[in-house]
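Reviewing the structure listed below.
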Amino acid sequence: MSSSTPTETFASFSLHPALLDGVRALGFEHPTPIQGLAIPPLMRGRDVLGAAATGSGKTAAFLLPILHELSKRPRGTTRALVLAPTRELAAQIADHLKDLARHTRLTGAAVFGGVGMAPQVAALRRGVDVLVATPGRLLDHMQYDYARLAGLEILVLDEADRMLDMGFLPDVRRILGKLPQRRQTMLF
Ligand code: AMP
């Protein structure tokens, strides 16, 4: 891995042009250090373990390679899952995703507890491209056929350390046991 320098640009990652438009619309001029380190190997399909604090730009570091990969082939099933410890974080990631994917046809949805199931069921049935979820509520949905996630290709565990601290390990294990074995995994 090469480290990020201030002269590095998002264009140097060979991201899909629609994603570069999204990045530009957000006003991002240069990749942050975690983006410079994580995006190239993620674009090559490698598993990545990234240590980066909130505020470092880690969300775009994993979302951009995911959106780039998903933009290559047809949609209709959920192919990427981001697990996050809290509903606030899940909602924030889903918002960031909508901004970055604004100029693509890719879709995302957040699934978390404390709100009604129905809109989340509808999103899962539609086969949103990227699902952002807290573990407990996702398991509630995974009892049903509409949330089988059989086409999953990419998994992100965001704030994995916090997820463990909060006692989510058994839930995360159960989710992993139901996902396809062949997949790219990103741990932040
Ligand atoms: P995160 O660490 O992913 O929560 O991101 C923290 C904040 O940094 C968010 O408001 C992002 O929109 C912003 N951000 C992410 N990447 C960049 C970048 N390359 N340049 C400027 N701001 C960024």
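Some points to look at:
- Checking Val121 against (1) assigned to a loop (DSSP other than H, G, I, E, B); (2) farther than 26 Å from Ala61 by Cα; (3) not hydroxyl-bearing (Ser, Thr, Tyr), the condition it does not meet: (1)
- Test: residue in segment 31-46 that is open to solvent by 50 Å² or more (accessible area, probe 1.4 Å), assigned to a loop (DSSP other than H, G, I, E, B), under 30 Å from Tyr146 (Cα atoms) and away from the ligand (no atom under 12 Å from the Cβ): yes
- Qualifying residue in segment 154-169 (condition: surrounded by 17 or more Cβ atoms within 10 Å (Cβ to Cβ), charged (D, E, K, R), farther than 24 Å from Pro74 by Cα and within 15 Å of the chain's Cα centre (by Cα)): yes
- Of all the criteria given as (1) open to solvent by 30 Å² or more (accessible area, probe 1.4 Å); (2) outside any loop (DSSP other than H, G, I, E, B); (3) within 16 Å of Thr78 (Cβ to Cβ), the one not satisfied by Ala150 is (2).
- Output for segment 12-24, where each listed residue is away from the ligand (no atom under 15 Å from the Cβ) and either under 16 Å from the mean Cα position of the chain (by Cα) or buried (at least 17 other Cβ atoms within 10 Å of the Cβ) (or both): His16, Ala18
- Evaluation of Asp129 against the conditions (1) open to solvent by 60 Å² or more (accessible area, probe 1.4 Å); (2) closer than 17 Å to Arg75 by Cβ shows that the sole unmet condition is (1).
- Restricting Gly27, Gly55 to residues that are on the phi > 0 side of the Ramachandran plot, at pLDDT below 95, open to solvent by 20 Å² or more (accessible area, probe 1.4 Å) and in a loop (DSSP other than H, G, I, E, B) narrows the list to Gly55.
The values are calculated or read from the model by the stated rules, or taken from the named source; none is laboratory data. The structure presented is a predicted model; accordingly, all values stated were derived computationally and were not measured. For neighbour counting, all protein chains shown are included, and Cβ atoms are generated from backbone atoms with ideal geometry for every residue, glycine included. Surface areas here come from the heavy atoms of the whole protein model, side chains and all, with no ligands, DNA or RNA. Shrake-Rupley method; radii C 1.70, N 1.55, O 1.52, S 1.80 Å.
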